[in-house]
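**Q** This is the structure, below, for whatever I ask next.
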Amino acid sequence: MRKLLFATLALAAPLAALAASAPNTGVTHRISTIAIPGQPLKRFDISAVSAAQGVYGFSDRSNHAVDLIDTRTDRYAGRVTGFSHGGPNGLVDVGEDQFWAGDGDSKLQVVDIRAHKIVATINTGGKRRVDELAYDPHEQVVIAANNGDDPPFISFVSTKPGHRIVGKLSFPQATDGLEQPVWNPDDGLVYLSIPVLDHRKADGGIAVIDPRSHRLLHTIHVQECMPAGLALGSADHLLVGCSDDAVAAGFAPRSLIVDLHARKVVAKIPQVGGSDEVWYDSGSNDYYLAAVANTGGPVLGVVDAKSNTWLRNLPSGDEAHSVAADPHSGQVFVPVAADGKVKECANGCVEVFGGK
C-alpha cells in the first residue's frame, strides 16, 4: 500500500496540550514499545489483529515475514517467514486462527497463527504483487487486490479447502492502482478505495461491489483525497483516509466520513490526514489513523466514530503508516521504522498506545 514517505517541516503540537483539549476518550498516550528482532525494520506494511488468538500481526518487508505480538502481554511472539522480496503487503484476519497476506508475484499466503507457518499459497494469476485484502465471512471469500497490474484487478478467493478463485473484477478506470477493500455486514457489499479515476488526481472513488455476482454496482466519488485506508465504523459510516500521495499532490491533509446508505461524504476532518492504514475499534467506538504525512510529522489520529469528530493526534515515529487495535484491551499498535534517535526503536519497534 505504502508508496511515498517524506518529512514535513511544521512543528507538532505538544502531546499534553492535545490531550488536554480533547474529551477523555480513546487512547491518550504511548504506553510501551516492543522491539523487533532481525534485520533493521526499514520497510513494512499493513497490520491486523486476530481477536480470537489475541495476536497482533504486521507485514515486515525488511525480514520478509509476518511478525506476531501477543496483545495480552505486549511481547514479541514470533515470526512467520517464507515471503518473497516483494512482500508481505496487505494482511487480514480470517476465521479463528489465520492471517492471509499479500505477497509478490501475484501470490496470497495463508498463515497459521498458532503454528507460525504458511499453510497454503494461492496464485491470483496476475503479474505483480497482491496488496490489500478484505474478508467476507458470509460468502467465505477473501477479496485480494492486484494493485500494480494493468489494469488492476481484485480476486474473490474461497477460504474453503482448495482456495478456489471464484471470481475476478478488473478496474481499467483505476489509473493509479487500488487500495483498501472492506466488507460491510449490514448490506453484504464490498467497498474499495480507488485513489485516482481516469488519470485525474483530484477525482478518486470508493467502488461499491457485489461479492456474490462479482460486479461493480456504483462508485462514490471523493475529491482531492486519493483515498487509501478504509475503516467501517458504526451507523453505516466509513472512514476514508486521504493518503500521503494526496498531500504530495498538493491537497490539504484531511480525512472523510462517507455515509454508505446515502453514498456521499457527510463529514470532513481537517485536523488529521495524509494517512495510509486506518482502523475502527468497536470497543472504544473510535477510529485510528496512521497519518504518516500529517502536518508536523507522523501521528496516530483519533476520531470519535459516534460523532465523527476529531479527538486528538498523538505523535508516532518514522514511517508510521500502519495501525490496528485490539478490541478487548483497547490498545493500539503502530509499527515504527528503525530510528537511531529513539533508543527503544533503534532496530525498529511497535509502539503501543492506550490509556483513557
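**Q** Can you tell me which residues in region 205-224 are farther than 29 Å from Ser158 by Cα and crowded, with 19+ Cβ neighbours inside 10 Å? Let's see the steps before the verdict.
**A** Going residue by residue through region 205-224, those that are farther than 29 Å from Ser158 by Cα are 221-224.
Residue satisfying the conditions is Val222 alone.
**Q** Hey, another quick one. Can you find, within region 95-107, the residue that is farthest from Ile209 (Cα to Cα) among those that are buried (at least 23 other Cβ atoms within 10 Å of the Cβ) and touching a Phe, Trp or Tyr at 6+ places or on another chain (Cβ under 9 Å)?
**A** Taking region 95-107 as the starting set, the residues that turn out to be buried (at least 23 other Cβ atoms within 10 Å of the Cβ) are 99-103.
Applying the additional criterion that residues be touching a Phe, Trp or Tyr at 6+ places or on another chain (Cβ under 9 Å) yields 100-101, 103.
Working: Trp100: 21, Ala101: 21, Asp103: 23 Å.
Step by step, filter region 95-107, then rank; the result is Asp103.
**Q** Go through region 136-184 and give me each residue that's of a type outside the set (A, V, I, L, M, F, W, C), closer than 21 Å to Asp276 by Cβ and touching a Gly at 6+ places or on another chain (Cβ under 8 Å).
**A** Those that are of a type outside the set (A, V, I, L, M, F, W, C), closer than 21 Å to Asp276 by Cβ and touching a Gly at 6+ places or on another chain (Cβ under 8 Å): Asn146, Asn147, Gly148, Asp149, Pro152, Gly177, Glu179, Gln180.
**Q** State which residue pairs qualify: first residue touching a residue at least 60 places away in the same chain (Cβ under 8 Å) and inside region 142-158, second residue aromatic (Phe, Trp, Tyr) in any location, beta carbons under 8 Å apart, and separation of 6 or more residues or different chains.
**A** The qualifying pairs are Ile143/Tyr135; Ile143/Phe156; Ile143/Trp183.
**Q** Working carefully through the options Val111, Val49, Val55, Val80, find the one that is surrounded by 15 or more Cβ atoms within 10 Å (Cβ to Cβ), modelled with pLDDT of 95 or more, under 30 Å from Asp150 (Cβ atoms) and not polar (S, T, N, Q).
**A** Details: Val49 fails: under 30 Å from Asp150 (Cβ atoms); Val55 fails: under 30 Å from Asp150 (Cβ atoms); Val80 fails: under 30 Å from Asp150 (Cβ atoms).
Answer to the check: Val111.
**Q** Kindly indicate the residue of region 317-356 that is modelled with pLDDT under 95 and outside any loop (DSSP other than H, G, I, E, B) and also surrounded by the most Cβ atoms within 10 Å (Cβ to Cβ) among those meeting that condition.
**A** Filtering first and then ranking leaves Cys345.
**Q** Among the residues of region 269-279, is there at least one that is among the charged types (D, E, K, R), more than 19 Å from Ser50 (Cα to Cα), in contact (Cβ under 8 Å) with a residue 60 or more places away in the chain and surrounded by fewer than 17 Cβ atoms within 10 Å (Cβ to Cβ)? Before you say what the answer is, go through the steps one by one.
**A** Taking region 269-279 first, the residues among the charged types (D, E, K, R) are 276-277.
Imposing the further condition that a residue be more than 19 Å from Ser50 (Cα to Cα) reduces the set to 276.
Among the residues that remain, those that are also in contact (Cβ under 8 Å) with a residue 60 or more places away in the chain are: 276.
Imposing the further condition that a residue be surrounded by fewer than 17 Cβ atoms within 10 Å (Cβ to Cβ) reduces the set to none.
Among the residues of region 269-279, not one is among the charged types (D, E, K, R), more than 19 Å from Ser50 (Cα to Cα), in contact (Cβ under 8 Å) with a residue 60 or more places away in the chain and surrounded by fewer than 17 Cβ atoms within 10 Å (Cβ to Cβ), which makes the answer no.
**Q** Would you point out the residue of region 274-288, among those that are under 14 Å from the mean Cα position of the chain (by Cα) and part of a loop (DSSP other than H, G, I, E, B), that is nearest to Ser47 (Cα to Cα)?
**A** Glu277
**Q** Just give me the residues in region 265-281 being touching a Leu at 6+ places or on another chain (Cβ under 7 Å) and not hydrophobic (A, V, I, L, M, F, W, C), in sequence order.
**A** Selection gives Lys268, Ser275, Tyr280.
**Q** Assess whether Arg312 counts as being within 18 Å of Gly354 (Cα to Cα) and among the charged types (D, E, K, R).
**A** Yes: the conditions hold for Arg312.
**Q** Answer yes if at least one residue in region 175-197 is touching a Ser or Thr at 6+ places or on another chain (Cβ under 6 Å) and among the acidic types (Asp, Glu), and no otherwise.
**A** Taking every residue of region 175-197 in turn, at least one turns out to be touching a Ser or Thr at 6+ places or on another chain (Cβ under 6 Å) and among the acidic types (Asp, Glu).
**Q** Looking at region 117-133, which of its residues are part of a loop (DSSP other than H, G, I, E, B) and surrounded by 15 or more Cβ atoms within 10 Å (Cβ to Cβ)?
**A** Answer for region 117-133, where residues must be part of a loop (DSSP other than H, G, I, E, B) and surrounded by 15 or more Cβ atoms within 10 Å (Cβ to Cβ): Thr124, Gly126, Arg128, Arg129, Val130, Asp131, Glu132.
**Q** Sticking with this one: Scan the strands (runs of 3 or more DSSP E) fully inside region 141-239 and keep the ones with 1 or more residues being of a type in the set (Asp, Glu).
**A** Numbers: elements: 141-146, 153-158, 165-170, 181-184, 189-194, 203-210, 215-223, 227-232.
Those strands (runs of 3 or more DSSP E) span 203-210.
**Q** Just a yes or no: is a residue in region 158-170 surrounded by 24 or more Cβ atoms within 10 Å (Cβ to Cβ) and touching a strand residue (DSSP E or B) at 6+ places or on another chain (Cβ under 7 Å)?
**A** The answer is no, given that none of the residues of region 158-170 is surrounded by 24 or more Cβ atoms within 10 Å (Cβ to Cβ) and touching a strand residue (DSSP E or B) at 6+ places or on another chain (Cβ under 7 Å).
**Q** While we're on this one: So which residues in region 247-262 are free of Cβ contacts under 8 Å to residues at least 40 places away in the same chain and either among the polar types (S, T, N, Q) or not in a loop (DSSP other than H, G, I, E, B) (or both), if there are any at all?
**A** Leu256, Asp259
**Q** Something else: For region 65-98, name all the residues that are in contact with a Pro (Cβ under 9 Å, 6 or more places away or on another chain) and aromatic (Phe, Trp, Tyr).
**A** Tyr76
The values are calculated or read from the model by the stated rules, or taken from the named source; none is laboratory data. Keep in mind that this is a model prediction, so the values were computed, not measured. So basically every Cβ, Gly included, is an ideal-geometry build from the backbone, and we count neighbours across all protein chains shown.
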